[in-house]
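Working notes for the structure below.
The values are calculated or read from the model by the stated rules, or taken from the named source; none is laboratory data. Because the structure is predicted, anything quoted here is derived from the model rather than measured. Glycine gets a Cβ as well: all are built from the backbone with ideal geometry, and neighbour counts include every protein chain shown.
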Amino acid sequence: MRKEILCSLLISIFLLLTACQSGGAPAPAPAATAPPAEKSFSAKDHLEQAKIHLKEAKEKLDKEGTYDCCIEPDCDWCALKEGSCPCAKLVKSHKPVCPDCKFGWEHGKGHVEGIKPEDVTTTLEHSHGEGAEHQTGQQGKHEHRH
């Protein structure tokens, strides 16, 4: 019996405290705020927007003097992977360029005078990292060493 009285007393105190905190009236339910209606884009729409943003980013990099590509139209690889493109300088120095640029040279898109497409090299490990040195690895494969 004592346990029942104690339990009832604790429940009464809890209810009294809860009522006092809310001013006697139940707290209003929070207003449901639905996110603003967002237009549903298809994957194709997203890709088109990505192309526009990439083009704008490359134009800004070019104005900043950090995008000097050796093919026309310029590559996407360097913008997406490195945020800059030194491939025109690299190809003039007979160093490996990014895979996009190599592909462009192979398809007649190169625009650096005095360079033959067959002389352009690349590597999938292409990187513009600080102090990256272009070296020839095993089997004539070009790679960067940091």
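Taking the range 47-81, which residues are β-branched (Val, Ile, Thr) and either touching a strand residue (DSSP E or B) at 6+ places or on another chain (Cβ under 6 Å) or under 22 Å from Lys102 (Cβ atoms) (or both)?
Thr66, Ile71 - these are the residues of the range 47-81 that are β-branched (Val, Ile, Thr) and either touching a strand residue (DSSP E or B) at 6+ places or on another chain (Cβ under 6 Å) or under 22 Å from Lys102 (Cβ atoms) (or both).
If I go through the range 21-45 residue by residue, how many of them are surrounded by fewer than 10 Cβ atoms within 10 Å (Cβ to Cβ), assigned to a helix (DSSP H, G or I) and either at pLDDT 60 or above or in contact with a Leu (Cβ under 9 Å, 6 or more places away or on another chain) (or both)?
So in the range 21-45, the residues surrounded by fewer than 10 Cβ atoms within 10 Å (Cβ to Cβ) come out as 21, 23-40, 42-44.
Of the ones still in play, those that are also assigned to a helix (DSSP H, G or I) are 21, 43-44.
Now restrict to residues that are either at pLDDT 60 or above or in contact with a Leu (Cβ under 9 Å, 6 or more places away or on another chain) (or both): 43-44.
Here the count works out to 2.
Within the range 73-115, which residues are buried (at least 17 other Cβ atoms within 10 Å of the Cβ) and aromatic (Phe, Trp, Tyr)?
Once the filter is applied, which keeps residues that are buried (at least 17 other Cβ atoms within 10 Å of the Cβ) and aromatic (Phe, Trp, Tyr), the range 73-115 yields Trp77, Trp105.
Tell me which residues, restricted to the range 54-73, are in contact with a Phe, Trp or Tyr (Cβ under 7 Å, 6 or more places away or on another chain) and not in a helix (DSSP H, G or I).
Ile71, the sole residue that qualifies.
Could you list, in sequence order, the residues of the range 116-129 that are modelled with pLDDT of 85 or more and surrounded by fewer than 17 Cβ atoms within 10 Å (Cβ to Cβ)?
Lys116, Pro117, Glu118, Asp119 - these are the residues of the range 116-129 that are modelled with pLDDT of 85 or more and surrounded by fewer than 17 Cβ atoms within 10 Å (Cβ to Cβ).
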